[in-house]
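*Asks:* Could you have a look at this structure, given as structure tokens, before my questions?
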Amino acid sequence: MARAAMDSLDGVDRMMMSGTRATLVLKKSAKLTAADVKEALESKGLKFESFEKHKVDRAAAAYVAKTPKFT
């Protein structure tokens, strides 16, 4: 039910669930408010508990280190 509620929100790129906590990754220009999330959850009969918003910079590059003795 939570996944269906979050899928109904505009701008959600992907969602990860861990127990009762949902982490949403938004599309680059998306805006999401606590009111939007609360409305989506309550429309599916779920209870809204809390909302935290954090901005995390995406990695510019990823590196793989090769060590002679371990590869």
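*Asks:* Just the residues that are of a type in the set (Ser, Thr, Tyr) and either surrounded by 13 or more Cβ atoms within 10 Å (Cβ to Cβ) or within 12 Å of the chain's Cα centre (by Cα) (or both), please, taken from the stretch 9-27.
*Replies:* Ser18, Thr23 - these are the residues of the stretch 9-27 that are of a type in the set (Ser, Thr, Tyr) and either surrounded by 13 or more Cβ atoms within 10 Å (Cβ to Cβ) or within 12 Å of the chain's Cα centre (by Cα) (or both).
*Asks:* Which pairs have Cβ atoms under 8 Å, sit 6 or more apart or on different chains, and link a residue in the stretch 28-41 that is surrounded by 15 or more Cβ atoms within 10 Å (Cβ to Cβ) to one that is modelled with pLDDT of 90 or more and part of a loop (DSSP other than H, G, I, E, B)?
*Replies:* Cβ pairs passing all conditions: none.
*Asks:* Let me ask another. I need the full set of residues from the stretch 30-71 which are modelled with pLDDT of 85 or more, polar (S, T, N, Q) and not in a helix (DSSP H, G or I), in order please.
*Replies:* Scanning the stretch 30-71 gives Thr33, Ser50.
The values are calculated or read from the model by the stated rules, or taken from the named source; none is laboratory data. Because the structure is a prediction, the values reported are computed rather than measured. In this analysis, Cβ positions are derived from the backbone assuming ideal geometry, glycine residues included, and neighbour counts consider all displayed protein chains.
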